[in-house]
1. May I ask you to list the GluC sites (Glu not before Pro) in region 52-129 that are in a DSSP loop and have at most 16 other Cβ atoms within 10 Å of their Cβ?
2. Which of the lysines could a cross-linker bridge to LYS192, judged by Cα under 22 Å and excluding same-chain residues fewer than eight apart?
3. Which whole-number percent is the relative contact order of the chain (Cα, under 8 Å, 6+ apart)?
4. Can you tell me the relative contact order of region 170-375? Whole percent, Cα pairs under 8 Å, sequence separation 6 or more.
5. Scan around THR28 for amide H atoms under 5 Å from its own, H built in the peptide plane at 1.01 Å from N, and keep only partners 5 or more places away or cross-chain.
6. Which of these, MET157, MET327, MET110, has the largest mean-square fluctuation under a Gaussian network model of the chain (Cα springs below 10 Å)?
7. State to the nearest 20 debye the size of the charge dipole of the chain about its Cα centre, where the only charges are +1 on K and R beta carbons and -1 on D and E beta carbons.
8. On a straight-distance basis, which lysines could pair with LYS373 in a cross-link, Cα separation under 29 angstrom, same-chain partners fewer than 8 positions away excluded?
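Just so it is clear, none of the values below were taken in a lab; they were calculated from the coordinates. Bear in mind the structure is a predicted one, so any value in this text is a computation, not a measurement. Note that we place each Cβ from the backbone using ideal geometry, even for glycine, and neighbour counts take in every protein chain shown.
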Amino acid sequence: MNKPDFRFGYTFPAIRGIQAGREYFTSTCKLRLISKLFLFDEKEAELTAELRAQRTLNRARVPEIANYIVNNPGDYVFSALTASIDSEIQFEPYGDDGNASLIGLLRIPMEARFIINDGQHRRAAIEEAVRQQPALGDDSISVVFFVDQGLQRCQQMFADLNRHSVRPSKSLGVLYDYREDRAKLARVVALKSEFFKDLVEMERSSLSPRSRKLFTLSSLYYATRALLQGYESKGEDADVKLAIRFWETVASHIPEWKFVRSGKTSAGEVRRDFIHSHGIAMHALGVVGNSLLKQPKTKATWESQLSKLRSIDWARSNSEVWEGRAMIGGHVSKVAQNIVLTANYIKQELKIPLSPEEERAEKAYRGAHKKRKAAA
C-alpha cells in the first residue's frame, strides 16, 4: 500500500486532544471550502441504512437553515462540524513540550475522504448560503477531526453524538428568541399582562398536575401568532397592546381562569377538568380572534362578541361537544385538524361565519360523528 504524500494535500492549524484514548484535532475552515472538502455522497445516500455512516440528507431542512444564515449575517451562530478522515494524517506540533506539543499543523493528503459524523444539514445549508451571498465564504466554522476507523466506528460515533442531544422545549426557545417578532410578542404579553403574569410557564412546554401555572409560553406563542396572522401590524407596541387587550377580554369571560388568578381553585384542577386552558383551545381562540379582528367595522365590536364565550360548556366531561374536536378517546389532541374543529365550534357559538375550508372540515366531522353515534 502506498504511503500518502503529505506534500500535496490540506493543511489546517489545529489543536490536538485525546478522547477515550484516541487522538482528535480541532481546527477551523472557511465556509467557502466546506462544500469542496465535505462532499455529499449521492451513492452513499442510496445505500441501505446499515451500510451508511449517516442518516440520509433531508433536503427540506436545508432552506430554513440557509435562510437563517443569510438573514442574520452579523449574528448567526453554528456549533462545530464533526468529521472522520479515512486516511493517515500527519500532525506537526510547534514544539515538544507543554502546550506547544498540542498546537501545530494537521496535514491531510489530497486523496483523503472526509465523512461528516455530525452536521451534514449545516454543511448543505452553508453551501446554499454562500451561493446566495458569496461574502459569507470568508466566515469560518470550527471542525473536529477524527481519524476514520471504519464503517462500524463511524456509525457508533453518529449514535453517540446524537444519543444525548435533546432539543430545548418550545417555551424555552420562545423565551430566548430575540430574533422572531412573534416570539418577542408572546414573551412581552406573558410578562406585561396583569392577567397572565405568574400564570405562564416560561421554560417547559408541558405542565405537571401540580404546577401552579395555567398556561405555557409555547401555547401563548402559537395562540398569539394565530391571532395576528395576516393582520396589518401597526408597530410592536400596538401589537402588544392589542394582544394583551384580546387575551384579557377572553379571560374576563372564562370564570375558571379568574378563579385560578384569585386563588379560589388550583391551576391543576382547571387543566384536569376543562378544555379552555389547554394549548388546543388557546390556539383555537387565537384563530377565532383573528377572524374577529378582520371582520368589517360595521359589525359589533369583537369585545362584545367575545362575551358569548360564557355560554360555552368547556368541561372535558362534555364529550358530546369535545370528543372528535379537541379530544380523541378522551385525551386532548392538538393536531391541526382538531385545532380547526375546535375553532369551528367556538365560531359557531359566537355567530362567526366559517370559511369554505372550515365548512368542509365541519361537514367531514359531522359525518364521522353521525357514524360514531350510529355504531354506539
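1. Working: sites: GLU64, GLU88, GLU111, GLU127, GLU128; in loops: GLU88, GLU111.
Those that pass, being in a loop and sparsely packed, are GLU88, GLU111.
2. Cα-Cα hits under 22 Å: LYS170, LYS184, LYS213, LYS234, LYS241, LYS258.
3. Working: 543 pairs, mean separation 49.7, N = 376.
Here the relative contact order equals 13 percent.
4. Numbers: 266 pairs, mean separation 36.4, N = 206.
Answer for region 170-375 is 18 percent.
5. Amide H neighbours of THR28, under 5 Å, 5+ apart: VAL143.
6. Residue with maximal mean-square fluctuation among MET157, MET327, MET110: MET110.
7. It comes to approximately 1940 debye.
8. Answer for LYS373, where 29 Å is the Cα cut-off: LYS308, LYS334, LYS347, LYS351, LYS363, listed by chain and number.
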